[in-house]
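Working notes, beginning with the structure itself.
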Amino acid sequence: MYLKKSHWVLLIIILVLLCTMLFRNKSKYTSIEETIVFNEKLSDYNFFKGTPSDLKPTSALDIYELSSELFTDYADKQRMILLPKGKKIIATNSELPDFPNGTIIVKTFFYKNHMNHQDVKQKIIETRLLIKNNSVWNAATYRWNMQQDEAFLSKNRESVPITFIDNFGNKRSTSYQIPSSTDCATCHKQNGSLSPLGPKIRNLNIDILRNKHFINQLEYFKNQNKLEISEKNILTTPDYSDVNLDYNKRARAYFDINCAHCHNSEGNAYHVQMDLRLNIPFDNSGIAKKSAQILSRINISGELHMPKIGTTLNHDDGIQLITKYINSLNK
């Protein structure tokens, strides 16, 4: 009889702790608020001029580049931003700035070396939009048609067979996964609401080629009267693909752009007790404790593969980098 009572007491304690944890983190499970209705066709937004598949932006949009890029099955990406006329991005530190209402972030995924029988040509797969309205970010995905002259709003996960040549001349094939709206929220949801991931100030703090001259990207946007920064000591995210950099810095940068959107205190994988953001000290990151699991999950395929969404192929260079980094921790 005493044993049964003790079990009840233990069960009540566990339930209380579980309810407390869920209450404290309920915002992480709430549905995402939507404040706009997306157009059915991408062309309705007039992002591109001339032939749509040339991906030439109109003068209202600016292409931006990142120091470290998310890996998505070896796809190339074009990143653009459209700001409301007369409005600026406001930055107070090296992290994510404040974008004005009406901002549209446009990200197009394509394969430059797509193989179609004997032809090698560019194939555009999808364009993702983030639109800020009433201080809320809204996300949508558009799938490009076979003719490559239009993209249509896609609400469910879709698969696109693709064969291409990677940067090392290897022929690869996969079934590219276009994310559903739920998939978008899985990565972009931070503390219960959607947020951009890539365009942190430190990830934009690089030299870019504009008008045949190199200029710091932040300076370029400031000169265009589209960015205001109050912080003077801006950091830079290391380029994890730069083999001339220290591999420790490269590895942390790789975690930051490919994993930290979920593995942080406000992301969907907060309960795993890993915070892989670049600005988190190593001792607080959980990398040492989870090193074996990290190596296992990035090397396997299927449901348990990490990153969980956005990849069907293993990133060979990324795996080599993280393996070297993890192995160095155990020496």
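Remarks
- Dimensions (Å) - the stretch 73-223, Cα atoms, principal axes, largest first: 50, 39, 26
- Accessible area per residue in Å² at 1.4 Å probe, computed on the stretch 142-243: 56 Å²
- Placing dummy labels 7 Å off each Cα toward the beta-carbon, the span from Val160 to Leu245 is 2.9 nm.
- When the trypsin sites (Lys or Arg not before Pro) in the stretch 202-298 are filtered for DSSP coil states and for at most 14 other beta-carbon atoms within 10 Å of their beta-carbon, the remaining sites are Lys212, Lys232, Lys289.
- Beta bridges by DSSP in the chain, antiparallel share as percent, to the nearest 5: 95 percent
- Reciprocal mean inverse distance between Cα atoms of the stretch 120-171 - Kirkwood radius, Å: 13.3 Å
- Applying both filters, DSSP loop and at most 13 other Cβ atoms within 10 Å, to the chymotrypsin sites (Phe, Trp or Tyr not before Pro) of the stretch 139-234 gives Phe168.
- Calculated over the chain: convex hull of Cα atoms, volume per residue (Å³): 184 Å³
The values are calculated or read from the model by the stated rules, or taken from the named source; none is laboratory data. Keep in mind it's a predicted model, so treat the numbers as computed, not measured. As a convention, Cβ positions derive from the backbone with ideal geometry for all residues, glycine included, and neighbour counts pool all protein chains shown. Just so you know, the surface numbers come from the protein's heavy atoms only, side chains and all, with ligands and any DNA or RNA stripped out. Shrake-Rupley method; radii C 1.70, N 1.55, O 1.52, S 1.80 Å.
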